[in-house]
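Enquirer: Please see the structure below; I have some questions.
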Amino acid sequence: MSNVHRDDFGSKLGMWLFILTELLLFGGLFITYAVYRYLHVDAFHLASQELDVPIGTINTIILLISSATIAMSITSIQQGRKKLTLWLIASTIILAVIFLVNKYFEWGAKFEHGLFPGSDYLDSLGYGDVLFFGLYFFMTGLHAFHIIIGIAVLGFMFYYVKIDRLKPDNFQLLENGALYWHLVDLIWIFLFPLFYLIA
Amino acid sequence: MTEEKHHITPYKTYLAVLGILIVLTILSVAITQIDLSRWATGAALLLAGIKSTFVLLIFMHLRFDQKIFKVMVGLIIALLVVVIFITMLDFLFR
């Protein structure tokens with residue numbers, strides 16, 4: 001096992017290529033949003049007031065902190081501080097779960113008010129509201145789906161660090177996992193103002 | 001390429017960036033709540049742009065990585081900007 005072939009650069013390049021396809025995927029959705037918003041300015045403006053700005057702000061800050069903790073885990077693994085690395089990955093996962101719990105209550109409140117795709121109440125509000133909430137649920141839902149995958153990815157990273165498969169001289173996989181997590185954060189940075197703050 | 005030297009970012013840098021990101025978040029909420037009417041959305045998006053630049057450069061290490069990564073990300077962002085611009089032109093001058 002003295003000379004195992006490894007290509008960290010190729011590994012990172014592959015991860016970045018995947019991230020770029022994700023940026024294009026969400027970019028397409030942002031364009032859809034921009035066009036419909038342009039066509040229904042007033043309806044989007046009013047519908048946006050239904051969203052809970054404090055919860056959105058708290059969730060944004062939670063995601064930012066989780067992004068910082070996973071970034072710091074790259075430093076700690078390079079310094080050979082295994083315990084700290086495990087703690088940082090675990091905190092990231094816990095923050096991600098808190099984000100999803102908040103999201104659950106947020107969506108739950110919307111459902112209670114009859115604001116969900118296909119509800120009679122939403123249909124009665126008009127085309128602009130249907131589009132706003134359709135995009136809201138689809139885009140934040142797709143983002144939440146990425147969070148769930150991110151939790152699974154980070155769970156594997158935690159396990160790999162624990163069994164020493166990821167070590168101070170071999171941590172590219174952890175860096176790739178962290179890149180994915182930052183992508184999730186990056187998308188939310190744009191979702192938050194576009195849906196919560198345009199009221 | 002396995003012998004690449006890795007840049008170790010100090011914890012302080014990450015914490016400083018986190019502080020900046022949180023301040024910018026609160027600022028964008030404050031601006032839109034005070035209501036600068038049509039400028040508020042633009043300001044919030046501008047702040048989001050600044051925030052994402054910090055995430056890309058520091059958290060995602062683009063600043064310390066090989067140039068190819070910066071070029072790739074730059075090209076994709078340019079592509080998105082061009083497509084958004086053309087789409088908006090189409091809607092404004094149809």
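The values are calculated or read from the model by the stated rules, or taken from the named source; none is laboratory data. Worth saying up front: this structure is predicted, and the values here are computed from it rather than measured. Here Cβ is always computed from backbone atoms with ideal geometry, including for glycine, and neighbour counts include all displayed protein chains.
Enquirer: Please go through segment A:7-22 and give me each residue that is at pLDDT 95 or above and facing another protein chain (nearest Cβ under 7 Å), ordered by number.
Expert: Within segment A:7-22, A:Trp16, A:Leu20 meet the criteria.
Enquirer: Quick check on my filter: what residues within segment A:15-34 are within 14 Å of the chain's Cα centre (by Cα) and closer than 14 Å to B:Lys70 by Cα? Give the derivation first.
Expert: Within segment A:15-34, the first condition is being within 14 Å of the chain's Cα centre (by Cα), and the residues that meet it are A:19, A:22-23, A:25-26.
A:Ile19, the sole residue that qualifies.
Enquirer: Only one of these conditions is not met by A:Ala90: (1) in contact with a helix residue (DSSP H, G or I) (Cβ under 7 Å, 6 or more places away or on another chain); (2) at pLDDT below 95; (3) surrounded by fewer than 16 Cβ atoms within 10 Å (Cβ to Cβ); (4) among the hydrophobic types (A, V, I, L, M, F, W, C). Which number is it?
Expert: So the condition that A:Ala90 fails would be (2).
Enquirer: It is to be established whether one or more residues within segment B:57-68 are part of a helix (DSSP H, G or I) and over 18 Å from A:Ile65 (Cα atoms). Show your work before the answer.
Expert: Residues of segment B:57-68 part of a helix (DSSP H, G or I): B:57-59, B:67-68.
With over 18 Å from A:Ile65 (Cα atoms) added as a condition, the list becomes B:67-68.
Yes, there is a match, as at least one residue in segment B:57-68 is part of a helix (DSSP H, G or I) and over 18 Å from A:Ile65 (Cα atoms).
Enquirer: I want to confirm something. Restricting to segment A:169-180 and keeping residues that are more than 9 Å from every other protein chain (Cβ to nearest Cβ) and closer than 18 Å to A:Val97 by Cα, which single residue is surrounded by the most Cβ atoms within 10 Å (Cβ to Cβ)?
Expert: First pass over segment A:169-180, keeping only residues more than 9 Å from every other protein chain (Cβ to nearest Cβ): A:169-170, A:172-174, A:176-177, A:180.
From what's left, closer than 18 Å to A:Val97 by Cα: A:177, A:180.
Numbers: A:Gly177: 26, A:Tyr180: 20.
Selected residue: A:Gly177.
Enquirer: Scan segment A:104-149 for residues that are under 13 Å from the mean Cα position of the chain (by Cα) and either outside any helix (DSSP H, G or I) or polar (S, T, N, Q) (or both) and jot them down. Lay out the reasoning, then the answer.
Expert: Looking only at segment A:104-149, we keep the residues that are under 13 Å from the mean Cα position of the chain (by Cα), and these are A:139-149.
Within segment A:104-149, A:Thr140 is the sole residue that qualifies.
Enquirer: Now, a different point. Just for segment A:150-185: of the residues that are in a helix (DSSP H, G or I) and without any contact (Cβ under 8 Å) to a residue 12 or more places away in the chain, which one is nearest to the chain's Cα centre (by Cα)? Don't jump to the end; show me each part of the working.
Expert: Of segment A:150-185, the ones in a helix (DSSP H, G or I) are A:150-162, A:172-185.
From what is left, the residues that are without any contact (Cβ under 8 Å) to a residue 12 or more places away in the chain are A:152, A:159.
Details: A:Ala152: 13, A:Tyr159: 22 Å.
Within segment A:150-185, the match that is nearest to the chain's Cα centre (by Cα) is A:Ala152.
Enquirer: Let me ask another. I'm checking my understanding of the structure. Among residues of segment B:37-55 that are within 7 Å of chain A (Cβ to nearest Cβ) and not basic (Lys, Arg), which one is farthest from A:Leu191 (Cα to Cα)?
Expert: Looking only at segment B:37-55, we keep the residues that are within 7 Å of chain A (Cβ to nearest Cβ), and these are B:41, B:44-45, B:48, B:51-52, B:55.
Right, trim to not basic (Lys, Arg) and you get B:41, B:44-45, B:48, B:52, B:55.
On the way: B:Thr41: 12, B:Ala44: 11, B:Leu45: 10, B:Ala48: 9, B:Ser52: 12, B:Val55: 15 Å.
Checked segment B:37-55; the qualifying residue farthest from A:Leu191 (Cα to Cα) is B:Val55.
Enquirer: What number goes with the only condition from (1) more than 22 Å from A:Phe156 (Cα to Cα); (2) not in a helix (DSSP H, G or I); (3) not aliphatic (A, V, I, L, M) that A:Gly80 does not pass?
Expert: (1)
Enquirer: Among the candidates A:Ile55, A:Ile31, which residue alone is modelled with pLDDT of 90 or more, in contact with a Lys or Arg (Cβ under 9 Å, 6 or more places away or on another chain) and either at the interface with chain B (Cβ under 10 Å from one of its Cβ atoms) or surrounded by fewer than 19 Cβ atoms within 10 Å (Cβ to Cβ) (or both)?
Expert: Values: A:Ile31 fails: in contact with a Lys or Arg (Cβ under 9 Å, 6 or more places away or on another chain).
None of the others qualify; the one that does is A:Ile55.
Enquirer: Tally time: how many residues in segment A:79-98 are more than 14 Å from chain B (Cβ to nearest Cβ) and within 19 Å of A:Asp185 (Cβ to Cβ)? Break it down stepwise before answering.
Expert: First, the residues of segment A:79-98 that are more than 14 Å from chain B (Cβ to nearest Cβ): A:82-83, A:86, A:89-90, A:93-94, A:96-98.
Keeping just the survivors that are within 19 Å of A:Asp185 (Cβ to Cβ) gives A:89-90, A:93-94, A:96-98.
Number satisfying all stated conditions: 7.
Enquirer: Can you run down the residue pairs with Cβ atoms below 8 Å, 6 or more apart or on separate chains, where the first is in segment A:61-76 and farther than 20 Å from A:Ile187 by Cα and the partner is among the β-branched types (Val, Ile, Thr)?
Expert: If the second residue must be among the β-branched types (Val, Ile, Thr), the pairs left are A:Ser73/A:Thr85; A:Ser73/A:Ile89; A:Ser73/A:Thr92; A:Ile74/B:Thr9; A:Thr75/B:Ile8; A:Thr75/B:Thr9; A:Ser76/A:Thr85.
Enquirer: When you check B:Val81 against the structure, is it modelled with pLDDT of 90 or more and surrounded by 12 or more Cβ atoms within 10 Å (Cβ to Cβ), yes or no? Break it down into steps so the answer makes sense when it comes.
Expert: Working: modelled with pLDDT of 90 or more: yes; surrounded by 12 or more Cβ atoms within 10 Å (Cβ to Cβ): no.
Here the answer is no, as B:Val81 does not meet what is asked.
Enquirer: All but one of (1) in a helix (DSSP H, G or I); (2) within 11 Å of chain B (Cβ to nearest Cβ) hold for A:Val4, so report the exception by its number.
Expert: (1) is the only condition that A:Val4 fails.
Enquirer: Turning to a different aspect of this structure: Looking at (1) surrounded by 14 or more Cβ atoms within 10 Å (Cβ to Cβ); (2) of a type outside the set (Val, Ile, Thr); (3) farther than 25 Å from A:Asn59 by Cα, can you tell me which one B:Gly74 breaks?
Expert: B:Gly74 satisfies all of (1) surrounded by 14 or more Cβ atoms within 10 Å (Cβ to Cβ); (2) of a type outside the set (Val, Ile, Thr); (3) farther than 25 Å from A:Asn59 by Cα except (1).
Enquirer: Name the residues in segment A:41-52 that are part of a loop (DSSP other than H, G, I, E, B) and either modelled with pLDDT under 90 or closer than 23 Å to B:Val82 by Cα (or both), would you?
Expert: Taking segment A:41-52 and keeping what is part of a loop (DSSP other than H, G, I, E, B), we get A:49-52.
Once the filter is applied, which keeps residues that are part of a loop (DSSP other than H, G, I, E, B) and either modelled with pLDDT under 90 or closer than 23 Å to B:Val82 by Cα (or both), segment A:41-52 yields A:Gln49, A:Glu50.
Enquirer: Looking at B:Ile26, is it part of a loop (DSSP other than H, G, I, E, B), of a type in the set (A, V, I, L, M) and farther than 15 Å from A:Leu23 by Cβ?
Expert: Values: part of a loop (DSSP other than H, G, I, E, B): no; of a type in the set (A, V, I, L, M): yes; farther than 15 Å from A:Leu23 by Cβ: yes.
No.
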